[in-house]
Structure formats: C-alpha cells, structure tokens
Amino acid sequence: MNEVTVYNTITRKKEIFKPLNPPHLGMYVCGPTVYGNAHLGHARPYITFDMASRYFTHLGYKVRYVRNITDVGHLENDADSGEDKIAKKARLEQLEPMEVVQYFTHRFHQNMEKLNVMPPSIEPRASGHIIEQITMIQEIIKNGFAYEINGSVYFDVEKYSKLHNYGKLSGRVPDEMLSNTRELEGTQEKRNPRDFALWKNASPEHIMHWPSPWGEGFPGWHIECSVMSQKYLGEVFDIHGGGMDLLFPHHECEIAQSIAAGKKESVRYWIHNNMITINGQKMGKSLGNFITLDDFFSGDNKLLEKPYSPMTIRFFILQAHYRSTLDFSNFALQSAEKGLKRLMNSFALMNNLQVSEKSTVNVAEIRDNCYAAMNDDFNSPIVIATLFEAARIIHLVAEKKETIDSPGLDLLKKTIHDFVFDILGLKEESEETGSLAKDLMNAILIIRKEVKLKKDFATSDMIRDELAKLRISIKDGKEGSTWAMEGESGG
RNA sequence: GGUCGGGUGGCCGAGAGGCGAGGCAGAGCUCUGCAAAAGCUCCUACAGCGGUUCAAAUCCGCUCCCGACCUCCA
C-alpha cells in the first residue's frame, strides 16, 4: 500500500523501492573514521538514514541496518609514504592508536544517542575484518584486476575498465580522468595514477599494521565497505547510503572491487545525502570550517551565538530535504529551535483536548499527506510542514474554534506519535525536574493565583520576574497558569 | 579543464507545466490587569534574456553567478 520512491544515484532517477527479499531489507551506510570528534556534517547522513530505517521499520520491513566504524589507519593523502590519520593523532596525543579509536568511537556513540539516532543493527569495525579483506584482495588478484608492488597491492583500473564500466556510478569517463589527474608525489609505484590501493605496505614508522601475504601492512580504504556490507547483508543487498562526497572514488571503487572479485554488483539502490555548508562552502575536516556536535550542544564555539540542543540540530537537518545542501547559520538554527518548540507545545496540548460529537477538521488528510511525503523520497520537510498544520488544528480545537470527534482525536494522536516520535525521531527535551520542583512550582502558582484574584499585580509580576531569573517562564491561559523551563516545551 | 548539482520572498527552505508549502523575522488585530503564549490577517518570491505552450518558478536555448566531486572527507 505504501509504495516508497527513492532517488537512486546510479540511475539518476526516482525509482519505486522493492526490496530483494521482503519483508527483509538490507541497508549499509558508510560510518565515520574515528580519529576526531563528529561535526555537524556527520550528523546529516546518520540522521537521514536513521529516519529512513525508522520509516521502513514503521512500514513493517525487517530492517538490517549495517553502519561501519573505520578504525584502521588510512593515509592523509595519496602519497605512498607518511602517516595515517589515526597514527598521526596517536603520536600527537601520545596514545596507542587503538586508544584514539576507542575514545572517538565512544564520543561518536554519545553524540548519536543525544541526537536520538538509533544504533544500527550491526556496527562492524574495519580492524575486525582484516582477514576477510585480505581474502577479497586475493580474489581480485586471482582474477587479474590487481597487482602487487613492494608489498602493496593496487587495483588495475585500466584493465578493469576494458571489461567493465568504471565510472558508472559517478558518471566519470576513465580516459578523461587520466588526462585530468593531478600530478601527485609518491605515486610512482602505481602503474597508473587512477589505480587505487587495496593493501598498503606499512613503512617502519607506521604503527597500525597487520600481517598479510604481501607483508606487514594495512588495507586500502575502499575494501572494508565491500567486504563488510556483503558479509552481513549478502552478495546483493538493497540500499547503500552515504554522503555525496563518497560517491567518487569510494563508492565507485566498491562497485569495481565487487565485480573484480567475481561477485555480482551488490547494491540495488544507491542513496546519497548532500552536504551541510557554512557560508556557502562545504563543512569539512579538510577545510577546517567544521563545528563539532559537542560545540553545538555546549555553545562553546566562536561561530555560535548560543548552545543548540540535539533535537534542534535534528529538526534543523530534517527541515531540509536530504538531497539538498543545507546552509548553517545561527539564525536558521534559532528558527528551527523556535519552530520545534511550537510544534512540541501543541503536541503537549493535544492530550487535554475536548472531544465533540462532530469533527470540523480533517485528520485523515493530515495523515495521508505525511505518508505521501515520506513515500516521495523521504520528503521530511513536507512532513514537517504538514505537522505544523496539525499543530494549527490542535490550537483551534483548544480554543474551541474547531471541533474534533473522538475517533479523530485518536487518529491525530496516533499520527503525531508515528510521524513525530517514531519516524522523524524527535523527542521531548525536558530537563530533569524533580518532583520537589514540580510541587514547589504548583505551590507558587497557587499563591500567584490568589494574589491575582486580589488584583495585587505587583506581587504577581514580582513572582513572574523572579522566576524568569531562574529561566522559568509563566504563561497565563484561560484555564490557569502553566510554567516551563527555558528550552523546554511544556509546563 | 572534466563531470554533476544549484540560483525561490528580509532569512531558512519545499515544489518542478495551471489553483501561491512550511518555518523564522516584521506589521496589524483578537485574547489579556500587563506580559508571554495562542489564534486570525498582512508582507505574494522563483538570477537575467529569449523561446515552446491556452498556461512556465517548473520545459528548451543562451548569458551571468555559486557549489560539489576529480586528493582525505559524511
């Protein structure tokens, strides 16, 4: 009934999604290289594919979501020698490389939990799959698509592209790439600059290394995803996701490796999220213009005017379609914060709505529109726009300008529950207020009500002002007063 | 240089041949002791120039800007 359409990068078209073995659904998403703190850019794919996974689960699919951790050292550039990223960090911090890996993996998990990103079904580590990677490299050598030089193994792009279409995913033509490849130092070892490493010989100062048929070394970057996706999802699986910046060379190489190893083309739907920009430029490690998630949560960054809660970040990201670039700014984030607060306030109101005999509002249409939006390539901005419609309805009913019947209210509650909390993965962010605080606030509100009845507004305003200093706001409604902590949604 | 994607109101962002997404900001009104919250209303945009069409933000051509990838990157 709910037919999901997804934009498949390899066909450049929206396609109807049909899993290989329903109700099972296999999805692989490229995870982080754990040598630094996660930044806003990292949040995008993990929130996007979390939403996709949640939606498929909601529709009844049995989703197996695999997202890797890249914890083997990859070189900082294409040069043959030099340190890898993790080793460099380890040297600077005087740590064992695996300590670096462990530390940032933990930090990453903490960030994801705050963002309400559900853990994947399987989170394989590259370092735990060295044997499988070696095996796949051997297959590729055996099939004649790779060669060994000085303890390193390279993929022979030229030979491969004579028989297969190298560039089919990214739309690149190997011959054009050849003439346009930049001169990079230290690539003399390769037969062709386009060739990429499957295994790298470890120089003496390179600390992360494993034994292999070609000597001590470490795997190339692209092979781990080919190996781990197929190990846990099968030779052919449904969805492979990741950031657009991984399209080439990473994902292109994954396809080539699988084919060269004598396997089928494994990915049926390629899904890529677009980048987050800052001042119109991609936010990225290499440009150094990134803001870490921890910085957002604490506000401790020159570029930030204030802290932004995890749900504000999540909402901000979901307010844009995943295939569009999304530009960071304090104003945009604060807009998202206010919008989210309004939405959440209205949903809190929903539980106190009075039902009528007749309904003047169309809840079924809201629900249908939410499904239609999600089915259209996960159009979360439309879902959110529709949810603001629902918020308006809730307020109108609360103010008795519209009425809702009992089945309508039940459907409304179900719709909010499904789309806001289950699918978009938003949640209330209330500070932990103890029961004592709640009782005290109730007592204060009772006192204030008394003085207001006596028209002692000076005292009632004083109570409100003093509470405001404690970041507690008072709202007087027709049904009495409510209170809320700043940044919190309901009272 | 090659390949790909964009330019939408003050800002952020959907849409992709016809009935003007949504959020934030701003203005007015209602409510209110005041404020806040909430509601209603307003502010009617699609880079430029041509073309196709009864109809173009949406299709075609040209021009101008911007970005991504081609090296590690989510």
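The values are calculated or read from the model by the stated rules, or taken from the named source; none is laboratory data. Fair warning: this is a prediction, and the values are worked out from it, not measured in the lab. Glycine gets a Cβ as well: all are built from the backbone with ideal geometry, and neighbour counts include every protein chain shown. Calculation scope for accessible area: heavy atoms of the full protein, side chains included, ligands and nucleic acids excluded. Shrake-Rupley method; radii C 1.70, N 1.55, O 1.52, S 1.80 Å.
Here are the numbers for the structure shown:
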read-out	value
Of residues in segment A:433-456 being modelled with pLDDT of 85 or more and in a loop (DSSP other than H, G, I, E, B), the one surrounded by the fewest Cβ atoms within 10 Å (Cβ to Cβ)	A:Lys455
Scan of segment A:209-233 for residues that are of a type outside the set (Ser, Thr, Tyr) and open to solvent by less than 10 Å² (accessible area, probe 1.4 Å), ordered by number	A:Gly217, A:Phe218, A:Pro219, A:Gly220, A:Ile223, A:Glu224, A:Cys225, A:Met228
Which numbered condition A:Asn116 fails, given (1) of a type outside the set (Lys, Arg); (2) at negative phi; (3) open to solvent by 10 Å² or more (accessible area, probe 1.4 Å)	(2)
Matching residues, segment A:335-355, being open to solvent by less than 20 Å² (accessible area, probe 1.4 Å), more than 10 Å from RNA strand B (Cβ to nearest atom) and out of contact with any Leu (no Cβ under 7 Å at 6 or more places or on another chain)	A:Phe347
Residues being in a loop (DSSP other than H, G, I, E, B) and either in contact with a Ser or Thr (Cβ under 8 Å, 6 or more places away or on another chain) or at pLDDT 80 or above (or both) - total across segment A:66-81	8
Given (1) surrounded by 13 or more Cβ atoms within 10 Å (Cβ to Cβ); (2) within 15 Å of RNA strand B (Cβ to nearest atom), number of the condition A:Ser430 does not satisfy	(2)
Candidates A:Ala332, A:Ala320, A:Ala385 - the one that is closer than 21 Å to A:Phe290 by Cα, within 7 Å of RNA strand B (Cβ to nearest atom) and part of a helix (DSSP H, G or I)	A:Ala332
Any chance A:Val363 is away from RNA strand B (no atom under 12 Å from the Cβ), surrounded by 15 or more Cβ atoms within 10 Å (Cβ to Cβ), under 19 Å from A:Leu349 (Cα atoms) and under 26 Å from the mean Cα position of the chain (by Cα)	no
Single residue of A:Phe296, A:Phe248 found to be outside the structural domain of A:Leu40 (by TED's automatic domain parsing) and either outside any strand (DSSP E or B) or of a type in the set (D, E, K, R) (or both)	A:Phe296
Only one of A:Asp294, A:Asp300, A:Asp245 that is more than 16 Å from RNA strand B (Cβ to nearest atom) and among the charged types (D, E, K, R)	A:Asp300
Qualifying positions in segment A:392-405 - open to solvent by 60 Å² or more (accessible area, probe 1.4 Å) and modelled with pLDDT of 90 or more	A:Arg392
Residue match in segment A:45-63 (condition: hydrophobic (A, V, I, L, M, F, W, C), within 16 Å of RNA strand B (Cβ to nearest atom) and farther than 17 Å from A:Leu424 by Cα)	no
Matching entry among A:Phe328, A:Phe316 (being modelled with pLDDT of 95 or more and buried (at least 16 other Cβ atoms within 10 Å of the Cβ))	A:Phe316
Segment A:105-118 residues that are assigned to a helix (DSSP H, G or I), paired with ones that are loosely packed, with under 14 Cβ neighbours inside 10 Å and not aromatic (Phe, Trp, Tyr) (beta carbon under 9 Å, 6 or more apart)	A:His109/A:Pro119; A:Met112/A:Pro119; A:Glu113/A:Pro119
Residue selected from segment A:285-313 under the condition among the aliphatic types (A, V, I, L, M) and open to solvent by 50 Å² or more (accessible area, probe 1.4 Å), by the criterion modelled with the lowest pLDDT	A:Leu287
A:Ser229 being farther than 22 Å from A:Tyr46 by Cβ, among the polar types (S, T, N, Q) and not in a loop (DSSP other than H, G, I, E, B)	no
Residue in segment A:81-98 that is surrounded by 21 or more Cβ atoms within 10 Å (Cβ to Cβ) and within 28 Å of A:Arg314 (Cα to Cα) present	no
Within segment A:251-283, tally of residues that are surrounded by fewer than 18 Cβ atoms within 10 Å (Cβ to Cβ) and either away from RNA strand B (no atom under 14 Å from the Cβ) or within 18 Å of A:Arg194 (Cα to Cα) (or both)	4
Long-range neighbours under 8 Å by Cβ, at least six apart or interchain, first residue more than 12 Å from A:Leu115 (Cα to Cα) within segment A:31-45, second acidic (Asp, Glu) and surrounded by fewer than 23 Cβ atoms within 10 Å (Cβ to Cβ)	A:Gly31/A:Glu123; A:Asn37/A:Asp294
Pair list, Cβ under 8 Å, 6 or more apart: segment A:194-207 residue among the basic types (Lys, Arg), other residue part of a loop (DSSP other than H, G, I, E, B) and open to solvent by less than 20 Å² (accessible area, probe 1.4 Å)	A:Lys200/A:Gly220
